[in-house]
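Notes to accompany the following structure.
The values are calculated or read from the model by the stated rules, or taken from the named source; none is laboratory data. All figures in this text were calculated on a predicted structure; none of them were measured in a lab. As a convention, Cβ positions derive from the backbone with ideal geometry for all residues, glycine included, and neighbour counts pool all protein chains shown.
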Amino acid sequence: MRRTILAVSLCLLLLTPPAFAGPNGVTVTPEPKPAAQIPVVRPEPAAVKQELPLKQEITNIRWATHEDALTGQSKLRLVLDVSGPVRVEAETAAAPTPRLVVNIKGAVPGKVKDALSFGGKIADGAELVATGLDSSRLIVDVPLMLEDGDYRVFTLPSDPKFNRPFRVVVDVNKKVPPVTYKFRPGLKNKVIAIDPGHGGSDPGAIGLGKSQEKVITLAVAKQVQALLEKAGAKVIMTRQDDRDVFGPNATAVEELKARTSIANNRKADVFISIHINSFTNSAAGGTSTYYYQKTPYDMLLAQNLQSALLQAGGLYDRGANPANFYVIKRTVMPATLVELAFISNPEEEKLLNTPQFQQKMAQGIVQGLDRFFAQAAKLGGER
Ligand SMILES: [Zn+2]
(Lines give C-alpha, C1' and ligand atoms only; values in the text may rest on other atoms or scores of the structure.)
Protein backbone atom coordinates (compact mmCIF):
# COMPACT_ATOMS: atom_id res chain seq x y z
CA MET A 1 0.00 0.00 0.00
CA ARG A 2 1.21 3.45 -0.78
CA ARG A 3 -0.39 6.55 0.62
CA THR A 4 0.22 10.08 -0.54
CA ILE A 5 -1.41 13.24 0.71
CA LEU A 6 -1.74 15.39 -2.35
CA ALA A 7 -3.69 18.43 -1.34
CA VAL A 8 -4.75 20.23 1.79
CA SER A 9 -8.27 21.51 2.21
CA LEU A 10 -8.59 25.25 2.19
CA CYS A 11 -11.44 24.91 4.69
CA LEU A 12 -9.06 23.49 7.26
CA LEU A 13 -6.70 26.38 6.72
CA LEU A 14 -9.57 28.77 7.42
CA LEU A 15 -10.02 27.18 10.82
CA THR A 16 -6.51 28.01 11.92
CA PRO A 17 -6.40 30.49 14.84
CA PRO A 18 -6.17 33.37 15.63
CA ALA A 19 -9.13 34.34 13.41
CA PHE A 20 -11.70 32.13 11.75
CA ALA A 21 -15.04 32.53 10.06
CA GLY A 22 -17.93 31.84 12.43
CA PRO A 23 -21.16 30.07 11.43
CA ASN A 24 -22.61 33.28 10.04
CA GLY A 25 -19.52 34.20 8.15
CA VAL A 26 -18.58 36.74 10.82
CA THR A 27 -14.91 36.79 11.64
CA VAL A 28 -14.38 35.72 15.23
CA THR A 29 -11.19 36.57 17.04
CA PRO A 30 -10.46 34.47 20.13
CA GLU A 31 -10.47 36.43 23.37
CA PRO A 32 -7.24 36.77 25.33
CA LYS A 33 -6.63 33.82 27.66
CA PRO A 34 -8.68 34.25 30.84
CA ALA A 35 -7.06 33.84 34.25
CA ALA A 36 -7.07 30.21 35.36
CA GLN A 37 -9.56 30.76 38.21
CA ILE A 38 -12.36 32.26 36.12
CA PRO A 39 -14.31 29.56 34.30
CA VAL A 40 -15.32 30.66 30.84
CA VAL A 41 -17.77 28.63 28.79
CA ARG A 42 -16.75 28.55 25.15
CA PRO A 43 -17.93 26.35 22.32
CA GLU A 44 -15.78 23.31 21.66
CA PRO A 45 -13.75 23.76 18.46
CA ALA A 46 -15.35 20.57 17.10
CA ALA A 47 -18.84 22.04 17.50
CA VAL A 48 -17.84 25.14 15.57
CA LYS A 49 -16.27 22.99 12.89
CA GLN A 50 -19.49 21.01 12.37
CA GLU A 51 -21.47 24.12 11.55
CA LEU A 52 -19.03 25.26 8.90
CA PRO A 53 -19.94 24.31 5.35
CA LEU A 54 -17.21 21.64 5.20
CA LYS A 55 -19.21 19.09 3.25
CA GLN A 56 -18.91 19.52 -0.47
CA GLU A 57 -20.67 17.65 -3.24
CA ILE A 58 -19.23 15.85 -6.23
CA THR A 59 -21.35 17.29 -9.00
CA ASN A 60 -19.97 15.66 -12.13
CA ILE A 61 -17.60 12.93 -13.34
CA ARG A 62 -16.00 13.07 -16.77
CA TRP A 63 -13.38 10.90 -18.39
CA ALA A 64 -11.41 10.75 -21.60
CA THR A 65 -8.51 8.80 -23.03
CA HIS A 66 -5.61 10.50 -24.69
CA GLU A 67 -2.94 9.00 -26.89
CA ASP A 68 0.41 10.68 -27.35
CA ALA A 69 1.06 10.70 -31.10
CA LEU A 70 4.83 10.58 -30.60
CA THR A 71 5.29 8.00 -27.87
CA GLY A 72 2.13 5.98 -28.45
CA GLN A 73 1.63 6.09 -24.68
CA SER A 74 -2.03 6.40 -23.76
CA LYS A 75 -3.60 7.83 -20.65
CA LEU A 76 -7.00 7.81 -19.03
CA ARG A 77 -8.03 11.05 -17.32
CA LEU A 78 -10.92 11.16 -14.88
CA VAL A 79 -12.13 14.54 -13.65
CA LEU A 80 -14.48 14.98 -10.71
CA ASP A 81 -16.12 18.40 -10.34
CA VAL A 82 -16.61 19.34 -6.70
CA SER A 83 -18.65 22.22 -5.21
CA GLY A 84 -15.65 23.30 -3.13
CA PRO A 85 -12.18 22.32 -1.90
CA VAL A 86 -11.56 18.77 -0.72
CA ARG A 87 -8.55 16.74 0.34
CA VAL A 88 -7.51 13.66 -1.63
CA GLU A 89 -5.31 10.69 -0.85
CA ALA A 90 -4.45 7.94 -3.30
CA GLU A 91 -3.26 4.41 -2.69
CA THR A 92 -2.87 1.29 -4.77
CA ALA A 93 -4.04 -2.15 -3.77
CA ALA A 94 -3.23 -5.56 -5.19
CA ALA A 95 -6.08 -7.52 -3.65
CA PRO A 96 -8.67 -8.72 -4.30
CA THR A 97 -7.87 -7.31 -7.76
CA PRO A 98 -5.44 -4.52 -8.74
CA ARG A 99 -6.97 -1.10 -8.15
CA LEU A 100 -6.31 2.55 -7.54
CA VAL A 101 -8.21 3.92 -4.55
CA VAL A 102 -8.75 7.67 -4.25
CA ASN A 103 -10.14 8.79 -0.89
CA ILE A 104 -11.88 12.16 -1.07
CA LYS A 105 -12.26 13.90 2.28
CA GLY A 106 -14.85 16.64 2.58
CA ALA A 107 -17.31 15.66 -0.16
CA VAL A 108 -20.09 13.19 -0.84
CA PRO A 109 -21.32 12.06 -4.27
CA GLY A 110 -24.09 14.26 -5.64
CA LYS A 111 -26.36 13.27 -8.50
CA VAL A 112 -23.62 11.66 -10.56
CA LYS A 113 -23.07 8.31 -12.23
CA ASP A 114 -21.65 6.04 -9.54
CA ALA A 115 -20.25 3.43 -11.92
CA LEU A 116 -18.25 3.97 -15.08
CA SER A 117 -16.95 1.49 -17.62
CA PHE A 118 -13.87 2.21 -19.72
CA GLY A 119 -13.72 -0.97 -21.75
CA GLY A 120 -10.56 -2.27 -20.10
CA LYS A 121 -7.95 -0.69 -22.36
CA ILE A 122 -6.28 1.27 -19.57
CA ALA A 123 -8.69 0.66 -16.72
CA ASP A 124 -11.74 -1.58 -16.57
CA GLY A 125 -14.09 0.70 -14.69
CA ALA A 126 -14.55 2.99 -11.73
CA GLU A 127 -16.95 3.24 -8.87
CA LEU A 128 -17.75 6.22 -6.65
CA VAL A 129 -19.13 5.50 -3.19
CA ALA A 130 -19.85 7.54 -0.07
CA THR A 131 -17.69 6.32 2.81
CA GLY A 132 -19.03 8.63 5.50
CA LEU A 133 -21.06 11.78 6.10
CA ASP A 134 -18.41 13.89 4.39
CA SER A 135 -16.16 11.47 2.54
CA SER A 136 -16.20 9.44 -0.65
CA ARG A 137 -14.03 6.91 -2.39
CA LEU A 138 -13.30 6.47 -6.07
CA ILE A 139 -12.13 2.96 -6.93
CA VAL A 140 -10.53 2.51 -10.33
CA ASP A 141 -10.17 -1.13 -11.42
CA VAL A 142 -7.03 -1.74 -13.43
CA PRO A 143 -5.82 -4.90 -15.18
CA LEU A 144 -2.31 -4.80 -13.67
CA MET A 145 -0.87 -3.61 -10.39
CA LEU A 146 0.07 0.10 -10.66
CA GLU A 147 3.51 1.42 -9.72
CA ASP A 148 4.28 4.96 -8.55
CA GLY A 149 4.84 6.38 -12.03
CA ASP A 150 1.71 4.79 -13.47
CA TYR A 151 -0.81 7.22 -11.99
CA ARG A 152 -1.22 10.76 -10.73
CA VAL A 153 -3.94 12.20 -8.49
CA PHE A 154 -4.18 15.94 -7.87
CA THR A 155 -6.65 18.76 -7.33
CA LEU A 156 -7.24 21.97 -9.26
CA PRO A 157 -8.72 25.07 -7.61
CA SER A 158 -11.91 26.59 -8.93
CA ASP A 159 -11.49 29.20 -11.63
CA PRO A 160 -14.51 31.56 -11.61
CA LYS A 161 -13.16 33.46 -14.62
CA PHE A 162 -13.64 30.40 -16.80
CA ASN A 163 -16.58 29.07 -14.78
CA ARG A 164 -14.61 26.03 -13.65
CA PRO A 165 -15.34 24.36 -10.32
CA PHE A 166 -12.84 22.80 -7.91
CA ARG A 167 -11.65 19.56 -9.53
CA VAL A 168 -10.10 16.24 -8.55
CA VAL A 169 -8.03 14.83 -11.40
CA VAL A 170 -7.03 11.17 -11.70
CA ASP A 171 -4.60 10.18 -14.46
CA VAL A 172 -3.84 6.53 -15.17
CA ASN A 173 -1.15 5.67 -17.70
CA LYS A 174 -1.48 2.60 -19.82
CA LYS A 175 0.47 -0.18 -18.20
CA VAL A 176 2.30 -2.31 -20.70
CA PRO A 177 3.53 -5.65 -19.41
CA PRO A 178 7.20 -6.15 -20.39
CA VAL A 179 6.48 -9.44 -22.11
CA THR A 180 3.23 -10.90 -23.35
CA TYR A 181 2.80 -14.43 -22.17
CA LYS A 182 0.69 -16.95 -23.99
CA PHE A 183 0.70 -20.34 -22.39
CA ARG A 184 -0.13 -23.73 -23.78
CA PRO A 185 -1.36 -26.42 -21.43
CA GLY A 186 1.08 -29.05 -20.15
CA LEU A 187 4.56 -29.06 -18.64
CA LYS A 188 6.43 -30.31 -21.70
CA ASN A 189 9.04 -27.81 -22.99
CA LYS A 190 8.16 -25.24 -20.34
CA VAL A 191 11.10 -23.32 -18.88
CA ILE A 192 10.67 -23.26 -15.12
CA ALA A 193 12.93 -21.38 -12.73
CA ILE A 194 13.15 -22.90 -9.26
CA ASP A 195 14.66 -20.81 -6.48
CA PRO A 196 15.56 -22.73 -3.30
CA GLY A 197 15.36 -19.99 -0.64
CA HIS A 198 18.55 -18.88 1.18
CA GLY A 199 21.81 -20.87 1.03
CA GLY A 200 25.51 -20.52 1.78
CA SER A 201 26.14 -17.90 4.45
CA ASP A 202 22.37 -17.44 4.92
CA PRO A 203 20.72 -20.43 6.64
CA GLY A 204 17.25 -18.84 6.54
CA ALA A 205 14.98 -19.67 9.46
CA ILE A 206 16.14 -22.21 12.02
CA GLY A 207 13.79 -24.59 13.86
CA LEU A 208 13.78 -25.54 17.54
CA GLY A 209 15.28 -28.87 16.43
CA LYS A 210 18.06 -26.90 14.68
CA SER A 211 16.94 -27.65 11.10
CA GLN A 212 17.93 -24.96 8.65
CA GLU A 213 15.52 -23.55 6.07
CA LYS A 214 18.20 -23.51 3.34
CA VAL A 215 18.70 -27.29 3.60
CA ILE A 216 15.00 -28.16 3.30
CA THR A 217 14.28 -25.69 0.48
CA LEU A 218 17.13 -27.21 -1.56
CA ALA A 219 15.96 -30.78 -0.90
CA VAL A 220 12.39 -29.97 -2.02
CA ALA A 221 13.63 -27.93 -5.00
CA LYS A 222 15.73 -30.86 -6.24
CA GLN A 223 12.71 -33.15 -6.10
CA VAL A 224 10.63 -30.57 -7.99
CA GLN A 225 13.41 -30.41 -10.58
CA ALA A 226 13.44 -34.21 -11.01
CA LEU A 227 9.65 -34.40 -11.37
CA LEU A 228 9.49 -31.52 -13.86
CA GLU A 229 12.32 -32.90 -15.98
CA LYS A 230 10.54 -36.25 -16.08
CA ALA A 231 7.47 -34.39 -17.41
CA GLY A 232 9.57 -32.84 -20.19
CA ALA A 233 10.10 -29.36 -18.73
CA LYS A 234 13.39 -27.50 -18.71
CA VAL A 235 14.38 -26.49 -15.19
CA ILE A 236 16.61 -23.57 -14.23
CA MET A 237 17.82 -23.78 -10.64
CA THR A 238 19.06 -20.56 -9.01
CA ARG A 239 21.35 -22.80 -6.92
CA GLN A 240 22.15 -26.51 -7.03
CA ASP A 241 24.02 -26.70 -3.76
CA ASP A 242 24.59 -24.89 -0.47
CA ARG A 243 25.89 -21.52 -1.64
CA ASP A 244 25.27 -17.80 -1.88
CA VAL A 245 23.98 -17.20 -5.40
CA PHE A 246 25.57 -13.74 -5.80
CA GLY A 247 28.74 -14.70 -3.99
CA PRO A 248 30.19 -14.04 -0.56
CA ASN A 249 29.59 -10.76 1.29
CA ALA A 250 26.70 -9.63 -0.88
CA THR A 251 23.94 -7.35 0.32
CA ALA A 252 20.46 -8.85 0.67
CA VAL A 253 19.31 -7.08 -2.50
CA GLU A 254 22.37 -8.22 -4.50
CA GLU A 255 21.69 -11.79 -3.44
CA LEU A 256 18.01 -11.61 -4.43
CA LYS A 257 18.78 -9.79 -7.66
CA ALA A 258 21.21 -12.55 -8.60
CA ARG A 259 18.31 -15.00 -8.35
CA THR A 260 15.81 -12.94 -10.37
CA SER A 261 18.46 -12.20 -13.01
CA ILE A 262 19.01 -15.92 -13.62
CA ALA A 263 15.30 -16.37 -14.35
CA ASN A 264 15.01 -13.14 -16.38
CA ASN A 265 18.12 -13.73 -18.48
CA ARG A 266 17.20 -17.30 -19.29
CA LYS A 267 13.64 -16.32 -20.15
CA ALA A 268 11.89 -18.66 -17.78
CA ASP A 269 8.13 -19.06 -18.28
CA VAL A 270 7.46 -19.01 -14.54
CA PHE A 271 9.49 -18.53 -11.36
CA ILE A 272 8.92 -20.45 -8.13
CA SER A 273 10.75 -19.44 -4.95
CA ILE A 274 10.62 -22.10 -2.23
CA HIS A 275 10.75 -21.06 1.43
CA ILE A 276 9.84 -22.29 4.91
CA ASN A 277 7.99 -19.96 7.26
CA SER A 278 8.88 -19.10 10.85
CA PHE A 279 7.16 -17.26 13.69
CA THR A 280 7.85 -16.42 17.33
CA ASN A 281 4.78 -18.39 18.44
CA SER A 282 5.58 -22.07 17.86
CA ALA A 283 1.86 -22.88 17.55
CA ALA A 284 1.63 -21.04 14.22
CA GLY A 285 1.58 -23.39 11.25
CA GLY A 286 0.37 -23.92 7.72
CA THR A 287 1.07 -23.30 4.06
CA SER A 288 0.95 -19.97 2.25
CA THR A 289 1.88 -18.57 -1.16
CA TYR A 290 2.61 -15.02 -2.27
CA TYR A 291 2.37 -13.15 -5.55
CA TYR A 292 2.84 -9.70 -7.02
CA GLN A 293 0.37 -9.18 -9.86
CA LYS A 294 2.72 -7.69 -12.47
CA THR A 295 1.40 -9.91 -15.27
CA PRO A 296 -2.16 -11.22 -15.65
CA TYR A 297 -0.97 -14.60 -14.33
CA ASP A 298 0.82 -14.13 -11.00
CA MET A 299 -2.23 -14.54 -8.79
CA LEU A 300 -3.45 -17.51 -10.82
CA LEU A 301 -0.07 -19.18 -10.38
CA ALA A 302 -0.05 -18.61 -6.61
CA GLN A 303 -3.62 -19.83 -6.21
CA ASN A 304 -2.95 -23.03 -8.13
CA LEU A 305 0.18 -23.78 -6.14
CA GLN A 306 -1.57 -22.99 -2.87
CA SER A 307 -4.48 -25.36 -3.50
CA ALA A 308 -2.23 -28.15 -4.79
CA LEU A 309 0.13 -27.78 -1.80
CA LEU A 310 -2.82 -27.95 0.60
CA GLN A 311 -4.04 -31.15 -1.04
CA ALA A 312 -0.54 -32.61 -0.97
CA GLY A 313 0.52 -31.62 2.55
CA GLY A 314 -2.80 -31.29 4.37
CA LEU A 315 -1.59 -28.35 6.46
CA TYR A 316 -3.53 -25.26 7.57
CA ASP A 317 -4.51 -22.91 4.72
CA ARG A 318 -2.89 -19.49 5.13
CA GLY A 319 -3.96 -18.45 1.65
CA ALA A 320 -2.50 -17.07 -1.57
CA ASN A 321 -1.65 -13.49 -0.67
CA PRO A 322 -0.40 -10.40 -2.48
CA ALA A 323 3.05 -9.29 -1.30
CA ASN A 324 5.87 -6.96 -2.21
CA PHE A 325 8.73 -9.48 -2.00
CA TYR A 326 11.70 -8.70 -4.20
CA VAL A 327 11.94 -12.00 -6.08
CA ILE A 328 8.29 -12.07 -7.14
CA LYS A 329 8.28 -8.36 -8.03
CA ARG A 330 11.54 -8.17 -9.99
CA THR A 331 11.13 -11.31 -12.05
CA VAL A 332 9.48 -10.37 -15.35
CA MET A 333 7.57 -13.64 -15.70
CA PRO A 334 4.65 -14.82 -13.53
CA ALA A 335 6.16 -15.73 -10.16
CA THR A 336 5.18 -17.05 -6.78
CA LEU A 337 6.89 -17.54 -3.45
CA VAL A 338 5.71 -20.54 -1.45
CA GLU A 339 6.08 -20.99 2.30
CA LEU A 340 5.64 -24.75 2.60
CA ALA A 341 5.19 -24.95 6.39
CA PHE A 342 6.54 -23.47 9.64
CA ILE A 343 10.00 -24.51 10.77
CA SER A 344 9.21 -22.83 14.12
CA ASN A 345 6.35 -25.29 14.69
CA PRO A 346 7.93 -28.50 16.14
CA GLU A 347 5.43 -30.83 14.43
CA GLU A 348 5.89 -29.19 11.06
CA GLU A 349 9.67 -29.07 11.51
CA LYS A 350 9.63 -32.85 12.02
CA LEU A 351 7.49 -33.30 8.89
CA LEU A 352 9.72 -31.02 6.83
CA ASN A 353 12.69 -33.26 7.57
CA THR A 354 11.03 -36.44 6.26
CA PRO A 355 11.70 -37.42 2.62
CA GLN A 356 8.02 -38.46 2.33
CA PHE A 357 6.71 -34.98 3.18
CA GLN A 358 9.35 -33.31 1.00
CA GLN A 359 8.28 -35.56 -1.88
CA LYS A 360 4.57 -34.80 -1.31
CA MET A 361 5.19 -31.04 -1.33
CA ALA A 362 7.35 -31.33 -4.46
CA GLN A 363 4.52 -33.23 -6.15
CA GLY A 364 2.12 -30.52 -4.98
CA ILE A 365 4.22 -27.83 -6.65
CA VAL A 366 4.37 -29.79 -9.91
CA GLN A 367 0.63 -30.54 -9.81
CA GLY A 368 -0.08 -26.85 -9.17
CA LEU A 369 2.11 -25.85 -12.11
CA ASP A 370 0.33 -28.29 -14.41
CA ARG A 371 -3.09 -26.90 -13.41
CA PHE A 372 -1.78 -23.35 -13.77
CA PHE A 373 -0.66 -23.88 -17.38
CA ALA A 374 -4.03 -25.47 -18.23
CA GLN A 375 -5.92 -22.46 -16.82
CA ALA A 376 -3.51 -19.86 -18.18
CA ALA A 377 -3.90 -21.36 -21.67
CA LYS A 378 -7.67 -20.94 -21.41
CA LEU A 379 -7.28 -17.38 -20.14
CA GLY A 380 -5.02 -16.53 -23.10
CA GLY A 381 -7.51 -18.06 -25.52
CA GLU A 382 -10.32 -15.86 -24.31
CA ARG A 383 -8.45 -12.67 -24.99
ZN1 LIG B 1 12.90 -17.91 3.64
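State all residues of region 252-283 that are out of contact with any helix residue (DSSP H, G or I) (no Cβ under 9 Å at 6 or more places or on another chain) and more than 14 Å from the ligand (Cβ to nearest atom); if no residue qualifies, say none.
Once the filter is applied, which keeps residues that are out of contact with any helix residue (DSSP H, G or I) (no Cβ under 9 Å at 6 or more places or on another chain) and more than 14 Å from the ligand (Cβ to nearest atom), region 252-283 yields Glu254, Ala258, Ser261, Ile262, Asn264, Asn265, Arg266, Lys267, Thr280, Asn281, Ala283.
Give region 115-169 a look and list any residue that's outside any strand (DSSP E or B) and over 25 Å from the mean Cα position of the chain (by Cα), or say none.
Leu133, Asp134, Pro157, Ser158, Pro160, Lys161, Phe162, Asn163, Pro165
Give just the number: which of (1) surrounded by 17 or more Cβ atoms within 10 Å (Cβ to Cβ); (2) assigned to a loop (DSSP other than H, G, I, E, B); (3) in contact with a helix residue (DSSP H, G or I) (Cβ under 9 Å, 6 or more places away or on another chain) does Val172 not satisfy?
(2)
Filtering region 303-332 down to residues that are in a helix (DSSP H, G or I) and closer than 25 Å to Ala258 by Cβ, which residue is nearest to the ligand (Cβ to nearest atom)? Before you say what the answer is, go through the steps one by one.
So the first thing to find is which residues in region 303-332 are in a helix (DSSP H, G or I), and the list is 303-313, 326-329.
Subset that is closer than 25 Å to Ala258 by Cβ: 305, 326-329.
Working: Leu305: 16, Tyr326: 12, Val327: 10, Ile328: 13, Lys329: 16 Å.
The extreme case among them is Val327.
Away from the ligand (no atom under 16 Å from the Cβ), modelled with pLDDT of 95 or more and not β-branched (Val, Ile, Thr): which single residue out of Lys214, Lys210 fits that description?
Lys210
Considering each of Gly110, Gly106, Gly125 in turn, give the residue that is within 30 Å of Ala323 (Cβ to Cβ) and outside the structural domain of Met333 (by TED's automatic domain parsing).
Checking each option against the conditions leaves just Gly125.
One residue is enough: does region 306-322 have a residue meeting the conditions assigned by TED's automatic domain parsing to the domain that holds Ile216, within 17 Å of Ile365 (Cβ to Cβ) and among the basic types (Lys, Arg)?
yes
Charged (D, E, K, R), free of Cβ contacts under 8 Å to residues at least 40 places away in the same chain and surrounded by fewer than 24 Cβ atoms within 10 Å (Cβ to Cβ), is that true of Lys222? Give the derivation first.
Values: charged (D, E, K, R): yes; free of Cβ contacts under 8 Å to residues at least 40 places away in the same chain: yes; surrounded by fewer than 24 Cβ atoms within 10 Å (Cβ to Cβ): yes.
Considered against the rule, which asks whether it is charged (D, E, K, R), free of Cβ contacts under 8 Å to residues at least 40 places away in the same chain and surrounded by fewer than 24 Cβ atoms within 10 Å (Cβ to Cβ), Lys222 comes out as yes.
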